[in-house]
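Structure first, commentary second.
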Amino acid sequence: MSEETTTIRPFSAAAFNQYIAEHKLMATRCTKCSKTYAPPRAICPNCHSEEMEWVETSGKGKLAGFTVIYTGPTFMSEQGFDRKNPYISGIVELEEGTSISARITGLDASKPAEIKIGTLLSVDFVEFGEGEAKKTYLAFKA
Amino acid sequence: MPKSKPLSRGVAIVGAGMSKFGAFAEKNSRDLFVEAFKEMTKSVDKGLDPSAIESLYVGNFSSDQFEHQAHTAPLLADAVGLTPIPATRVEGACASGGLAIRQGVMAIASGMYDVVLVGGAEKMTALNTAGVTDALATAADVPFEIPAGFTFPGFYAAMASAYMHRYGMKPEHLMNVAIKNHDNASLNPYAQFGVTIQKWMEGRVAAAIKKGKPAPTWSTIWDFLHDESGNPTVAWPLRLFDCSPVTDGAAAVLLVAEERMHEFTDHPIHIIGSGQASGSALHDRPELTAIPAAKTAATKAYEMAGITAKDIRIAEVHDCFTIAEVIASEDLGFFAPGEGFKAAEDGVTARNGAKPINTSGGLKAKGHPVGASGVAQAVEVFKQMRGQAGERQVAGDVNLALTHNVGATGSTCAVHVYERRN
């Protein structure tokens, strides 16, 4: 087995998150039909091919849907979000034609009615915690 | 996809009952299931000898998380004296109940059993709000949706944002769904919130006065619903009254082979269509304004039943959030895309409208014990179709009805069609 093949990361959530920790938004592309997926897939749902490859996305996309969350899950409360400090979660359609869930930054969470579907966004990475406990989250910035 | 065929052996519901829905500190899911079983037994016109029951399928999403009790099905069977019959737990998040009905239908249609009990049970209120939010979040695509901060109100709010953008709906339009479903629940003695929003608001004012606090100055329910202190935002554009509550409850229906139904009743309700479909995470769908799995499940159920959407007289749909009812009414083919919110505004989906939806009060006001909800929907159509829905009875001949039960954001959907023939 060549060195290149052995270093290809599996098409898994763990590998995707490792890339996120490296500040890369990676997608998997089907080498048969060229469709691109982020989150990653090991089998192409379009043509059922198992021949996938990792590709780095342009990191550009647009807002397809969003919400401003006032009552979040426990881990978001731990990160300082609450009713007085709500946050934006959204679904972003990437230039590559695939869509992904992400935190949305750079928009005013106190004025949700002014946030426009279709807003152009670029990838951003939000870090929380220190040292071993540090986690990196996928975000998109207006 | 090949077309759905009619069942090779007919299946009928001959009994249906539910526990009171609500928050009951002293009751676990077993206690609630016993209540539902007793109600179901009472409803069997010619009486039920429980030893006739051959198998149990029970919808339950996560007693593991909510009660720290897994392996629920044999406990529920034992609690109603049914061991050693097979007892199987069915899990499809909030569609667990609908999936349990489908398992019961298949078990009878296959010829394996003649008499099957289908139940649903969920005890949710032992956890606090944050605990419930975290438990429900496990029904999402956890590694790829949850780090974004999404909650279930958040997912449906994102769908609402896309719907508003595409069709010009305002958040106020969604309030029509909540008002209607509370009106219906006010006539349902089993509902968690058996009060209209008007009564709710008056109760809040009275409570403030009693405590010697300044009374809120809401003059209409619209003032109340627009006010952050009356109706706080949960996940914009959804507010508290756009969301179904956290509920404890159970439901049960008795399914039998048509050839034996007259041993139990002369007024059976036939299950003539069953459709189930799966779907991807919300972000991976071609549009956010419809649920593909719901459309597929409906198509399959209509094909099997040999009917169309316009034939359906009433429907119980999965209104975990107000926007979900609007989208369901379009996915099921009752209204064209973008028209569902107008139908709610115009009263078309009210109890006396052309297409009554959620006469029980829906998940919104009757309550949403997640694994029980799909079965409780069947309880409501059984009562409505037999003219036993009391004050909330729909006028006229309710000969065809539908239930629509969704798991998570629509990664699971079950649709059933019911017929009354006499």
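Values in this text are rule-based calculations from the coordinates and carry no lab data. Remember, predicted model here, so these are calculated numbers, not experimental data. When we count neighbours, we look across all protein chains shown, and the Cβ atoms used for this are built from the backbone with ideal geometry, even at glycine.
Annotations for the structure displayed:
- Remark: the protein assembly as shown carries a charge dipole of roughly 1020 debye about the Cα centre, counting +1 on each Lys and Arg Cβ and -1 on each Asp and Glu Cβ.
- Tail weight of P(r) past 17 Å, computed on alpha-carbon pairs of the range A:12-88, percent: 60 percent
- Percent antiparallel among DSSP beta bridges (both partners in chain B, rounded to 5): 75 percent
- The spread of Cα positions in the range B:46-128, taken along each principal axis and listed from longest to shortest, comes to 42, 23, 23 Å.
- Here the Karplus relation 6.51 cos²θ - 1.76 cosθ + 1.60, evaluated at θ = phi - 60°, turns the backbone of the range B:186-195 into coupling constants of 5, 9, 10, x, 8, 6, 5, 10, x, 9 Hz, with x for every Gly and Pro.
- For the range B:86-160, the relative contact order works out to 18 percent when only alpha carbon pairs closer than 8 Å and six or more residues apart are counted.
- Take the Cα radius of gyration of the range B:337-409 and divide it by 2.2 N^0.38 Å, N being the number of residues; the result is 1.13.
- Cα-derived Rg over Rh, computed across the range B:178-234 with Rh taken as Kirkwood radius: 1.00
- At an R0 of 30 angstrom, the distance between the Cβ atoms of A:S58 and A:K111 translates into a FRET efficiency of 0.60.
- Residues within the reach of a label modelled at A:A14 (point 7 angstrom out along Cα to beta-carbon, backbone nitrogen below 11 Å), restricted to the range A:53-90: there are none.
- Between B:G387, B:G212, B:G275, the GNM of chain B built on Cα springs shorter than 10 angstrom shows B:G212 fluctuating the most.
- The charge dipole of the range B:67-205, taken about its Cα centre with unit charges on the Cβ of Lys, Arg, Asp and Glu (plus for the first two, minus for the last two), comes to roughly 380 debye.
- Residues whose placed amide H lies under 5 Å from that of B:R89, excluding near-sequence neighbours: B:V58, B:A73
- Label-to-label distance, nm, for residues given as B:S280 and B:E26 (7 Å Cα→Cβ offset): 5.1 nm
- Between B:A208 and A:K32, the FRET efficiency estimated from the beta carbon spacing at R0 = 51 angstrom works out to 0.20.
- Note on the range B:125-166: Cα Rg divided by 2.2 N^0.38 Å, N the number of residues, gives 1.32.
- Counting only lysines at least 8 places from B:K300 when in the same chain, those with an alpha carbon closer than 23 Å to its own are B:K3, B:K5, B:K310, B:K355.
- For chain B: relative contact order, % (alpha-carbon pairs under 8 angstrom, 6 or more apart): 27 percent
- Largest first, the extents of the alpha carbon coordinates of chain B on the three principal axes equal 61, 47, 46 Å.
- Between B:R9 and B:T308, the simple label model (points 7 Å from Cα in the Cβ direction) yields a spacing of 3.4 nm.
- Chain B: most fluctuating residue of B:L174, B:L400, B:L75 per GNM, C-alpha cutoff 10 Å: B:L75
- Cβ-Cβ FRET estimate between B:D49 and B:M106, R0 fixed at 22 Å, reported to 0.05: 0.35
- Among the trypsin sites (Lys or Arg not before Pro) found in the range B:199-256, those both in a DSSP coil and sparsely packed, with 13 or fewer other Cβ atoms within 10 Å of their Cβ, are B:K211.
- Value of Rg/Rh across the protein assembly as shown [Cα atoms, Kirkwood radius]: 0.98
- Label-point gap, in nm, between B:T138 and B:D346 - each point 7 angstrom along Cα→Cβ: 4.5 nm
- Value of Rg/Rh across the range B:284-422 [Cα atoms, Kirkwood radius]: 0.93
- When only alpha carbons are used to place a centre, the range B:58-119 and the range B:350-378 end up 21 Å from one another.
- Gaussian network model of chain B, springs between alpha carbon atoms under 10 Å - residue of B:E391, B:E258, B:E325 with greatest fluctuation: B:E391
- For A:S49, nonlocal amide neighbours, meaning residues 5 or more places apart or on other chains whose placed amide H falls under 5 Å from its own, are A:C44.
- Cα extents of the range A:8-142 along the three principal axes, largest first (Å): 49, 37, 21
- Rounded Å value of the spacing that divides the Cα centres of the range A:54-90 and the range B:148-227: 25 Å
- Karplus (6.51, -1.76, 1.60) ³J(HN,Hα), θ = phi - 60°, over the range A:105-119, in Hz, Gly and Pro reported as x: 10, x, 10, 7, 5, 7, 10, x, 5, 8, 7, 9, 4, x, 3
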